[in-house]
Structures are given as structure tokens and as C-alpha cells.
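Heads up, the thing below is written out as C-alpha cells.
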Amino acid sequence: MRKYYVNKNAQPNGDHEVHNETCPRLPEVINRLHLGEFTSCASAVIVAKKSYSKADGCYYCSPTCHHS
Ligand SMILES: [Zn+2]
């Protein structure tokens with residue numbers, strides 16, 4: 001299980017990136033929302049989409065959930 005976070009600030013394309021706790025690109029504490037602990041990024045993205053309709057996995061830490 002890893003802790004996952006979503007960036008409160010959208011990317012230029014409107015996506016809110018989902019990161020796990022190990023990511024070097026994890027946003028500052030003030031700019032991220034804790035989603036919970038999950039075994040996969042897919043579950044974290046589902047939860048992120050409850051807050052932000054456009055959410056996508058980070059290219060670096062969650063490449064299997066990165067689509068755009
Ligand atoms: Zn990341």
C-alpha cells in the first residue's frame with residue numbers, strides 16, 4: 001500500500017495529477033490533497049475524480065495510470 005495524493009492545481013491541459021508518496025515530483029503539502037492508501041494508482045485516480053473530474057496518473061510515479 002502506498003499513500004496517494006492529487007495536485008490541487010491543474011496541469012495546462014486541465015488534468016490534476018495523481019502521485020504516490022515516493023514521487024520526486026510530489027507537490028508541496030499546501031498544494032496536494034491526500035487521497036488515501038491504495039495498492040494501485042487506478043484506485044487512487046478513481047478517488048481523485050470525486051474531487052476533480054479531470055485526474056490522471058503522474059508520468060513519473062504512476063505511468064500505468066498516465067494517459068495524457
Ligand atoms: Zn508523481
Within the set of pairs 6+ apart or on separate chains, which have a first residue in region 35-50 that is under 13 Å from residue 16 (Cα atoms), a second that is modelled with pLDDT of 95 or more and in a helix (DSSP H, G or I), and C-beta atoms under 9 Å apart? 35/43; 35/44; 35/45; 35/47; 35/48; 35/51; 44/65; 45/65
The strands (runs of 3 or more DSSP E) lying wholly within the chain that contain at least 2 residues that are near the ligand (Cβ under 10 Å from one of its atoms) are 2-7, 16-20
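The values are calculated or read from the model by the stated rules, or taken from the named source; none is laboratory data. All figures in this text were calculated on a predicted structure; none of them were measured in a lab. A quick note on method: Cβ atoms are made from the backbone with ideal geometry, for glycine too, and the neighbour counts reach across all protein chains shown.
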